[in-house]
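Working notes, beginning with the structure itself.
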Amino acid sequence: MTDQAKRMSITLMAVDDHPVVVEGVIALVSRELADVRLVGSATRWDAALSLLESLPSPPDVVLMDLHLVD
């Protein structure tokens with residue numbers, strides 16, 4: 001992906017406590033959504049927060065399970 005394409009793409013982070021859901025989102029994004037760039041994924045709240053803090057800029061979209069198990 002070129003630098004210009006990276007700047008024009010939508011950034012996405014996926015968070016779900018079911019790894020198969022996260023893997024499905026990753027597969028769907030990489031296969032079907034050329035203008036969406038996955039910047040990270042997590043299966044726990046604490047991992048998601050750490051990932052958000054480590055990114056150079058926040059993602060445009062966070063696709064998150066609202067009923068994450070602690």
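The values are calculated or read from the model by the stated rules, or taken from the named source; none is laboratory data. Keep in mind that this is a model prediction, so the values were computed, not measured. Methodologically, a virtual Cβ is constructed for each residue, glycine included, from the backbone with ideal geometry; neighbour enumeration extends over all protein chains shown. With ligands, DNA and RNA removed, areas are computed over all heavy atoms of the protein, side chains included. Shrake-Rupley method; radii C 1.70, N 1.55, O 1.52, S 1.80 Å.
A few points about this structure:
- Ligands, DNA and RNA excluded, the heavy atoms of Glu32 present near 110 Å² of accessible surface to a 1.4 Å solvent probe.
- Residue-normalised accessible area of the chain, given per residue in Å² at a 1.4 Å probe: 71
- Using the Cβ-Cβ distance between Ser54 and Ile26 with R0 set to 22 Å, the FRET efficiency from 1/(1 + (r/R0)^6) comes to roughly 0.75.
- Dimensionless Rg/Rh of the chain - Kirkwood Rh, Rg from C-alpha atoms: 0.98
- Portion, in percent, of the accessible area of the chain that falls on carbon or sulfur, probe 1.4 Å: 59
- Note on the chain: helix-only mean residue ellipticity at 222 nm, from DSSP H runs of 4+ residues weighted -39500 (n - 2.57) and normalised by residue number, equals -12500 deg cm²/dmol.
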